[in-house]
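The values are calculated or read from the model by the stated rules, or taken from the named source; none is laboratory data. The shown structure was predicted, so the numbers you read here are calculated from the model rather than taken from an experiment. Because the Cβ atoms are built from the backbone with ideal geometry, glycine has one as well, and the counts that use them run over all protein chains shown. These area figures cover heavy atoms from the full protein model, side chains too; ligands, DNA and RNA do not enter into them. Shrake-Rupley method; radii C 1.70, N 1.55, O 1.52, S 1.80 Å.
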Amino acid sequence: MIELAQLKQLIRVSEEGTISAAAESLHLSQPALTRSMQRLENELGVALFDRKRNRTALNAVGEMAVARARGVLDSVEDMAEELRQCAARLSTIAIGSCGTAPMWDLAAELAERFPDRTLSTELGDTDALLAGLTHGRYRLILTDRAVEQPGLLCRKYTQEQLCVTLPPEHPLSTRASIRLEELGEESILTFQDYGIWKRIIEKNPRPHYLVQSDRATLAELVRASRLPCFSSNLTAFRFRTTVGRVSVPLSDEDASVTFYLCARESDQALFELLC
């Protein structure tokens, strides 16, 4: 039986030019490498070397064998990489989302259902997420629109409503809903990563946004101040931004987002478990 080690040795002989030089680079004795090449010839049933009194060199058949050996080793490496990727996919559930809060909820549900699996999460826009799902980068994605694409499953997962939390004495705190522009030039505490809400923020530049880069700091400022801040139906409980405050939904067009869970048809069992 031909061994991969023999193919590697044959390639090294071709690279080094002589069996003695190849043996030295492989940390083998010359007789041991010579015997290995002889066994390879016996397995193949052909002579790979022209043997003269003072020199042993690859012949034309040997050169062809070297080219085929390189192809075999490349195929073996490709197979090993594919198997490693397959093993990683089976042990890791990779999810992507265009929104932060629904991704937290999905990750929490997966962690509860599959405590022995590794979870990886990424944020991105819907088009990039769909491309990643199609090419196997993700097993599940959350998009901000329904997807109708051959080979993919899609179903409504959750809805997120952006709100402003206000102190009870704020003049707008008794309203059923408000538009963001009604806050005028008030200062609003917010996290630096607007994510899916970036479009509504950009449409309303009048308020003075007090942007924080750390969520713990933001939560502390919310608890210690009477300044308005953003929250949503998915984040209010997690960060306790509504304690002692009134949460008023924003009625702006972009203040409500429906998220859809998508998966490949090959992952239907996982998809159905979550929907």
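Miscellaneous remarks
- Residues located in the range 105-121, provided they are part of a helix (DSSP H, G or I) and either open to solvent by 70 Å² or more (accessible area, probe 1.4 Å) or among the aliphatic types (A, V, I, L, M) (or both): 106, 107, 108, 110, 111, 112, 113
- Test result for residue 220, touching a His at 6+ places or on another chain (Cβ under 7 Å) and open to solvent by 40 Å² or more (accessible area, probe 1.4 Å): no
- Within the range 1-104, strands (runs of 3 or more DSSP E) holding 1 or more residues that are farther than 30 Å from residue 156 by Cβ and open to solvent by 40 Å² or more (accessible area, probe 1.4 Å): 49-51, 56-58
- Residues that are within 13 Å of residue 258 (Cα to Cα) and in a strand (DSSP E or B) within the range 122-146 comprise 142, 143, listed in sequence order.
- Members of the range 122-133 that are within 22 Å of residue 82 (Cα to Cα) and either open to solvent by 70 Å² or more (accessible area, probe 1.4 Å) or among the small types (Gly, Ala, Ser) (or both): 131, 132
- Some residue of the range 188-200 being open to solvent by less than 30 Å² (accessible area, probe 1.4 Å), in contact (Cβ under 8 Å) with a residue 24 or more places away in the chain and among the acidic types (Asp, Glu): no
- Scanning the range 147-180 for residues that are surrounded by fewer than 18 Cβ atoms within 10 Å (Cβ to Cβ) and assigned to a strand (DSSP E or B) turns up 152, 155, 156, 158, 159, 161.
- Residue 232 meets the stated requirement of being touching a helix residue (DSSP H, G or I) at 6+ places or on another chain (Cβ under 8 Å), open to solvent by less than 30 Å² (accessible area, probe 1.4 Å) and not hydrophobic (A, V, I, L, M, F, W, C).
- For the range 1-40, the candidate set comprises residues that are within 45 Å of the chain's Cα centre (by Cα) and of a type in the set (D, E, K, R); within that set, the residue that is nearest to residue 73 (Cα to Cα) is 8.
- Residue within the range 172-180 that is modelled with pLDDT of 90 or more and under 28 Å from residue 109 (Cα atoms) present: no
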